[in-house]
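Each remark here refers to the structure printed beneath this line.
Nothing in this text is a laboratory measurement; each read-out follows from the coordinates by a stated rule. Bear in mind that the values here come from a model prediction, so they are computed numbers and not experimental data. Glycine also receives a Cβ, built like all others from the backbone with ideal geometry; neighbour counts cover every protein chain displayed.
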Amino acid sequence: QVQLVESGGGLVQPGGSLRLSCAASGSIFSSYSVAWYRQVSGKQRELVARISTAGSTSYADSVKGRFTISRDNAKKTVYLQMKSLKSEDTAVYYCNNGGGGWSWGQGTQVTVSS
């Protein structure tokens, strides 16, 4: 079973940047596509960005051009570089495999506010 630990969230002003990290345990990390999701309280979790085992990426329209997902298989870590942040990016951010099939971590809170 893979365990996930997200970090890097915080409070940032609109237009600012943050870099999220997600460290995974287990040896199967490199065999799966991985993704970042986010959830606002009371709403469904949504897929933000996904990266395949080969490094191909895809993004939700709302973050395209502002967010960049990357992975380091040797470190079993996936990153989300976020720039030009908007108030609507405020959410708890989670990582998981591309289908959301691993156990969810605790997430990391991102708050965009002046």
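Brief remarks follow.
- Added length on full extension, which subtracts the Cα-Cα distance from 0.36 nm per residue, Leu47 to Trp104: 19.2 nm
- Per-peptide packing, taken as the mean over residues of other Cβ atoms within 10 Å, places 30-38, 12-20 in the sequence 30-38, 12-20 from highest down.
- Candidate cross-link partners of Lys43 among the lysines, defined by an alpha-carbon separation under 25 Å and a same-chain spacing of 8 or more, comprise Lys64, Lys83, Lys86.
- Evaluated at q = 0.20, 0.27 Å⁻¹: base-10 log I(q)/I(0), Debye formula over Cα of segment 50-94: -0.71, -1.10
- For segment 100-105, backbone phi angles converted through the Karplus equation (6.51, -1.76, 1.60; θ = phi - 60°) give residue-by-residue couplings of x, x, 8, 5, 7, x Hz, Gly and Pro being listed as x.
- Taking 7 Å steps out from each Cα toward its Cβ at Ser27 and Ser113 produces label points 4.6 nm apart.
- Cα-derived Rg to Rh of segment 26-83, Kirkwood definition: 1.00
- Sites Thr68 and Gln1, calculated FRET efficiency, Cβ-Cβ separation with R0 41 Å, nearest 0.05: 0.90
- Partners for Lys75 among aspartates and glutamates (Cα-Cα distance below 17 Å; same-chain residues under 8 apart left out): Glu6
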